[in-house]
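Right, one structure below, let's go through it.
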Amino acid sequence: MGKIRPIKKYSYYQKTSHGGFIATKLNYVIGWGRKYSIFHYPFITACCGMEYMSAACAHWDFDRFGVGMTTFSPRQSDLLFVVGTITHKEAPVLKTVFDQMVEPKWVIACGACAVSGGIYDNYAVVQGIDRIIPVDVYIPGCPPRPETILNALLKLQDKIQHQKQDLRWNIIKK
Amino acid sequence: MEHNQKIDDIIKQRFKEKVLSVKTDLGDVVIQVEKDAVKEVLEFLKKEPQDYSMLLDLTCVDYMGKKPRFEMVYHVFSLSKNYRLRIKCQVPEEDPEIDSVSGLWKNANWLEREVYDMFGIQFQGHPDLRRLFMYDGFEGYPLRKDYPLRKRQPKIKLRK
């Protein structure tokens, strides 16, 4: 038997005499940066908040995926976490918070009430927050398990990685 | 229970024809009174020998199709004697007015605002009768049985 030649794998990483360099695409690397530095704003109104809290704390700990930075200022956050029932009386508040956030921004609707109004099909409750603001990821469940929330965050990271990145500085140059 | 037997005798003697019926329901005495006497009765119950000093709840029921349509329900509680009492009175649909008891108990202020918000009962003598849960510009009274089930009144414009 002859000598087995190792299969050369295709790699972005190359080593040269001057040091390493990475061949990649701008869109890809910006997406990579953005998906691991999500600052989220928790908009918690109801019992789903308990599941959000346990997902955020040490047991499930979604900080290990790079989405754990909680900010209580909408101007410094990238992700709006809408957790719980939104009533018509509260709808203008949610809209204002969303409008205050700086691009690029994403929205997660967490729990049956935020997704569709849930069991509250009545005069007071908005039938899904997508009637007010655009939503990226919907989390079903009443309330959702923390694993479901983690899964949604991974889905969102996947989306951020593969979407066309919003590059504002190109527009400003023109 | 013995005390409660006494209290309905006392009320019957005091308010005579204003008391429409007295019965015991689920261990509590329920006294049905005339609409215009309800404030007097509650004031009398709150005073010293009776001492029903706490208003537990004040609410309304819509019996649609019946006349009179609405029924006000007052739950009072005596802290010193550990007794409960329920006072009810009928309110007609054409003239949904009743005397406010917010002068007797402070918590009646918001409870009456809630009843006004949900059922449209007008409380005479209430210091600040505004909607409590629903917003300004909301039309109709949502807990009335004839409020349409699917009627929505969004505060801001919806996307689709």
Q: Could you identify the single residue in B:PHE119, B:PHE77 that is touching a Leu at 6+ places or on another chain (Cβ under 7 Å), within 14 Å of chain A (Cβ to nearest Cβ) and either open to solvent by 50 Å² or more (accessible area, probe 1.4 Å) or not aliphatic (A, V, I, L, M) (or both)?
A: B:PHE119
Q. Hey, among the residues in the stretch A:133-174 that are surrounded by 14 or more Cβ atoms within 10 Å (Cβ to Cβ) and more than 24 Å from A:TRP60 (Cβ to Cβ), which one's modelled with the highest pLDDT?
A. A:ILE133
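I'm checking my understanding of the structure. Among residues of the stretch B:49-65 that are open to solvent by 70 Å² or more (accessible area, probe 1.4 Å) and under 15 Å from B:TYR83 (Cβ atoms), which one is modelled with the lowest pLDDT?
So in the stretch B:49-65, the residues open to solvent by 70 Å² or more (accessible area, probe 1.4 Å) come out as B:49, B:54, B:56, B:63-65.
Now restrict to residues that are under 15 Å from B:TYR83 (Cβ atoms): B:49, B:54, B:56.
Numbers: B:PRO49: 80, B:MET54: 92, B:LEU56: 94.
Selected residue: B:PRO49.
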Q) Within the stretch A:66-79, which residues are of a type in the set (A, V, I, L, M, F, W, C) and out of contact with any helix residue (DSSP H, G or I) (no Cβ under 6 Å at 6 or more places or on another chain)? A) A:MET69, A:PHE72, A:LEU79
**Q.** Filtered residues of the stretch A:77-127 (kept if open to solvent by less than 30 Å² (accessible area, probe 1.4 Å) and in a strand (DSSP E or B))
**A.** A:LEU79, A:LEU80, A:PHE81, A:VAL82, A:VAL83, A:TRP106, A:VAL107, A:ILE108, A:ALA109, A:CYS110, A:VAL125
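Let me confirm something: among B:PHE77, B:PHE44, which residue is assigned to a helix (DSSP H, G or I), of a type in the set (Phe, Trp, Tyr) and over 22 Å from B:ARG144 (Cβ atoms)?
Exactly one residue qualifies, and that residue is B:PHE44.
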Q | Among (1) open to solvent by less than 50 Å² (accessible area, probe 1.4 Å); (2) among the acidic types (Asp, Glu); (3) touching a residue at least 60 places away in the same chain (Cβ under 8 Å), the one test that A:ASP130 misses | A | (3)
Q. Does A:VAL82 fit the bill of being within 14 Å of another protein chain (Cβ to nearest Cβ) and not hydroxyl-bearing (Ser, Thr, Tyr)?
A. no
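Of all residues in the stretch B:14-41, which are assigned to a strand (DSSP E or B) and of a type in the set (D, E, K, R)? Walk me through it before giving the result.
Within the stretch B:14-41, the subset assigned to a strand (DSSP E or B) is B:19-25, B:28-33.
Answer for the stretch B:14-41, where residues must be assigned to a strand (DSSP E or B) and of a type in the set (D, E, K, R): B:LYS23, B:ASP25, B:ASP28.
The values are calculated or read from the model by the stated rules, or taken from the named source; none is laboratory data. Since the model is a prediction, treat every value here as computed from it, not as a measurement. Reconstructed Cβ throughout: ideal geometry from the backbone, glycine too, with neighbour counts over all protein chains shown. Protein only, heavy atoms only, side chains kept; ligands, DNA and RNA dropped before computing areas. Shrake-Rupley method; radii C 1.70, N 1.55, O 1.52, S 1.80 Å.
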